[in-house]
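Colleague: Pasting a structure below so you can have a look.
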Amino acid sequence: MPDPSTYRPAVGSIPEGPGVYKFRDPAGRVIYVGKAKSLRQRLNSYFADVYGLHPRTRQMVTTAASVEWTVVGTEVEALQLEYNWIKEFDPRFNVRYRDDKSYPSLAVTLNDEFPRLQVMRGPKRKGVRYFGPYAHAWAIRETVDTLTRVFPARTCSAGVFKRASQIGRPCLLGYIGKCSAPCVGRVTAEEHRRIVDDFCDFMGGRTDQMIRRLEAEMAQAAVDLEYEKAARLRDDLGALRRALEKQAVVLGDGTDADVVAFAQDELEAAVQVFHVRGGRVRGQRGWIVDKVEDVTTGQLVEQFLLQVYGGVDEQTGTGEVGEAVPREVLVPELPDDADVYAELLSELRGSRVSLRVPQRGDKRSLMETVERNAKESFARHRVKRASDLTARSLALSEIQEALDLPDAPLRIECIDISHVQGTNVVASMVVFEDGMAKKSDYRRFAVAQGTDDTAAMAEVVRRRFARHLKDEADRRDEQGVAAEEGRPRRFAYPPNLLVVDGGAPQVAAASRSLSELGIVDVAICGLAKRMEEVWLPDDPDPVILPRTSEALYLLQRVRDEAHRFAITYHRQKRSSTMLVSLLDDVPGLGGTRRKALMKQFGSLKRLRAATIEELTAVPGIGRRTAEAVLAAVSESAADDAPGPGPGSAGDIAEVGRVHPVAGAGA
C-alpha cells in the first residue's frame, strides 16, 4: 500500500489559486477528481493528518501513488474542468450517478428533413429535441396519439417513409388525418416543419397561446360559414384540453423549474427530479447514486448539478443527459458554493438561473411530493436488489468467504435491543432464509434483567438457544413437530449465522451465552452501524466488507429489519405500560374493567381519542367511570408536554441504542 508521505507535494509547491486536482494509483489510473477554491489548502488537508480523515477518504489517499493539479482562472472554470475529467476518467472514489431504470423520452428528430416524433431511450443525440423523460412508454404513445390529431407530424420509421414515397400511397395515419403525409407530397418540407414547431411549442409549455389561436380560427371559420372547418377545430381544441387535463398545474406562477429530492442511507442515495415547464409536470427522472465517500445532502446536490447540467451544450441548451437548464432549480439543501453553481447554470442557460430551497407554498408542497417519490424509489431499489436471486446467491457466498464459514449461511437470524433509558427493554429476532425474510419465524422478547446493550443481548441469546435445546430434546420426529402439540415448534431450527446489532461488546456477550449453553456450531458476528464494520468473536479487528458488496447489502437489510421490528414492539409496550399506570390511579376501576379497556383500546393514544359514548360501550364502564378515565388520560397529556430545560420529552425521545441507567455498570 502506498505511503502518502512518499508522494506528498513539496512545501510551497502547491499554488493557492482555484483549480482541479486528481489522484492516481500506482498503475497510473485516476481514482479521484476534485476541485478547490484554494488548491494549497485543500491538498494539504489530505496529508496533514491521514488517520484523522474519513475512512473512505483515508482509503483513497493510501491507495493513491501521486497527485497532480491544474490551475484555472475562476471557480466556474474549475467546475467545468472537474466535470470533464470525471466524465473522461470515471474515478472510482467519486460519487457515481446511474439511472435507476431506463426512462423513455418523447424525441423530435429536428435534424431530419421531415422531423419524426418517436419514443427514445438511452444516450441523447445532437439535433434531437427531447420531452420528458416519462415513467412509461405507453404514456408517450398516448400523448402522441392525442396530439397528432391537432399536429399531424410524421411518426413512421425511415423504412416505412421510403416505401410510401416509392409507391405513392401513404400509410393508414395519412388516410385518417393523423399524419400530414409528407412522404407523398401532401405538404412541403417547410409546411411539415411548421407543424412540428407548433407541436414542440405546445409540448414546451406554450399551451395557452396555442389554444387561443385555435379558438380564434374556429370563431373566424364560423363567421365565414365554414362549419366543417369550425367543427374540426372544435374537436382539435377538445383533444388539446384532454391532453392538458392529464398534466395538472403544480406551480401557479407558471414557472419552469426542476425540483430535486434525495432519499439516502450510508451507502447509496436515490435522486428524483420533476421537470416542471409552464407550471405543469412535463417529465420525471431518477438516479441511484453510489456513495463511495462520506457526503452530505449539500454535496449530493453539488454532484447532481455538475453531472446532470455540467455537460449542457451552450448552443442547444441541452446536455448529453438531455437536461435543459430551467429558470429555477429547487433543491432540499444548498451546496456550500451555491453562488458559483448558480453562476455556472446561468452561463449554460444564457440567462439568470435561481438555485434555492423552497420554504412555503406550492413549491414546498411539490418538493415534499418529490421527496416521497425518492423514498419510494429507494425502497423499491433495495427490495429489488435483495429479492434478486443472483444477488442473494452472491451475497450468501460473499458472507461465507468473508467470515470463513464452512457453508453458505442459508438461515440467518438477527437480534436487536431497543428501549429508552433502561425502561421497557425489548428485543427482536428476525429470520432470513435464502436471503429473504421469513416473517413467520420472527420472535420478540420482553427483557426482564438486562439494563444495557450487552446484558440484554446476553439474556436474549441465552433464552433463544436454551429454548432451541429444549425443543431438540423434546422433538418427536425429524420435522421438528411435537406429537403432543401437533404444530411446529417455535425454535426448532438453529441459524447458520447469528447477527447481532452492535460491535465487539455485543458480539462478546452473545458469544459467552452460546458458550455457556455448549453451542459451538452457530457462527456469530456483529454489524456496527456507524462504520458498517463486521465484528467476530475474539477478533480485535473488524472485517471490512466492500461498500458495494452484496454481502454488506444483505447484512444491512437483516439488521435494519431487526431494528424496525424491535422499535415497533418497544412502542407498543411503552404505550401499554403508560396506559396501565394511568388506569391504576382511576378511582373505582378494578382489574377486570382495566383489562376490558386495555382489550378494547390497546394504546394510550386511542384511549385519549375516545369519546364518553365509546367508553361506556365497554362492559362494566358507566358514565362516571368513563369521565374519570378521560380526566386521567387528559391530565397525563398535559404532563407529557415538553418543557424547557434538561429532561424534557425532546431530550429523551430517541429510541434504539441502549444507554446504561444511573448507577449501572458501563
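The values are calculated or read from the model by the stated rules, or taken from the named source; none is laboratory data. Bear in mind the structure is a predicted one, so any value in this text is a computation, not a measurement. FYI the Cβ positions are ideal-geometry reconstructions off the backbone, even for glycines, and counts take in every protein chain you see.
Colleague: Filter region 517-541 down to residues that are more than 15 Å from residue 55 (Cβ to Cβ), exposed (fewer than 12 other Cβ atoms within 10 Å of the Cβ), out of contact with any Pro (no Cβ under 9 Å at 6 or more places or on another chain) and not aliphatic (A, V, I, L, M), then give me how many there are. If you could, list the steps in order and put the result at the bottom.
Modeller: Within region 517-541, the first condition is being more than 15 Å from residue 55 (Cβ to Cβ), and the residues that meet it are 517-527, 535-540.
Then drop every residue that is not exposed (fewer than 12 other Cβ atoms within 10 Å of the Cβ), which leaves 518, 520-521, 538, 540.
Of the ones still in play, those that are also out of contact with any Pro (no Cβ under 9 Å at 6 or more places or on another chain) are 518, 520, 538, 540.
Among the residues that remain, those that are also not aliphatic (A, V, I, L, M) are: 518, 538, 540.
Summing the residues that are more than 15 Å from residue 55 (Cβ to Cβ), exposed (fewer than 12 other Cβ atoms within 10 Å of the Cβ), out of contact with any Pro (no Cβ under 9 Å at 6 or more places or on another chain) and not aliphatic (A, V, I, L, M) in region 517-541 gives 3.
Colleague: If I filter region 93-105 for residues that are assigned to a helix (DSSP H, G or I), at pLDDT below 85 and farther than 30 Å from residue 156 by Cα, do I get at least one hit?
Modeller: So far as region 93-105 goes, no, none of its residues is assigned to a helix (DSSP H, G or I), at pLDDT below 85 and farther than 30 Å from residue 156 by Cα.
Colleague: Given the criterion surrounded by 18 or more Cβ atoms within 10 Å (Cβ to Cβ), under 30 Å from residue 56 (Cβ atoms) and at pLDDT below 85, identify the matching residue among 292, 260, 273.
Modeller: Numbers: 260 fails: at pLDDT below 85; 273 fails: at pLDDT below 85.
When all the criteria are applied, what remains is 292.
Colleague: Can you say whether residue 133 is in contact with a strand residue (DSSP E or B) (Cβ under 6 Å, 6 or more places away or on another chain), modelled with pLDDT under 90, outside any helix (DSSP H, G or I) and buried (at least 20 other Cβ atoms within 10 Å of the Cβ), as far as the supplied structure shows?
Modeller: Numbers: in contact with a strand residue (DSSP E or B) (Cβ under 6 Å, 6 or more places away or on another chain): yes; modelled with pLDDT under 90: yes; outside any helix (DSSP H, G or I): yes; buried (at least 20 other Cβ atoms within 10 Å of the Cβ): yes.
When the stated conditions are applied, residue 133 passes them.
Colleague: Separate question: Report the residue count in region 169-213 for those that are farther than 17 Å from residue 153 by Cα and in contact (Cβ under 8 Å) with a residue 40 or more places away in the chain. Steps first, please.
Modeller: To start, the set of residues in region 169-213 that are farther than 17 Å from residue 153 by Cα comprises 205-209, 211-213.
Still in the list and also in contact (Cβ under 8 Å) with a residue 40 or more places away in the chain: 205-207.
Total satisfying the criteria: 3.
Colleague: Next question, about the same structure. How many residues are more than 19 Å from residue 113 (Cβ to Cβ) and either at pLDDT 90 or above or outside any helix (DSSP H, G or I) (or both) when one looks only at region 166-182?
Modeller: Looking only at region 166-182, we keep the residues that are more than 19 Å from residue 113 (Cβ to Cβ), and these are 167, 169, 172, 175-178.
Remaining after also requiring either at pLDDT 90 or above or outside any helix (DSSP H, G or I) (or both): 169, 176-178.
Of the residues in that region, 4 qualify.
Colleague: Determine the pairs where a residue that is free of Cβ contacts under 8 Å to residues at least 40 places away in the same chain and in the same structural domain as residue 505 (by TED's automatic domain parsing), located within region 531-546, has a partner that is in a loop (DSSP other than H, G, I, E, B) and surrounded by 14 or more Cβ atoms within 10 Å (Cβ to Cβ) with Cβ atoms under 6 Å apart, the partner being 6 or more residues away or on another chain.
Modeller: Short answer, once both residue conditions are applied: 533/542; 535/503; 535/542.
Colleague: With (1) surrounded by 14 or more Cβ atoms within 10 Å (Cβ to Cβ); (2) in a helix (DSSP H, G or I); (3) under 25 Å from the mean Cα position of the chain (by Cα) as the list, and residue 348 as the residue in question, which single condition is left unmet?
Modeller: Exception for residue 348: condition (3).
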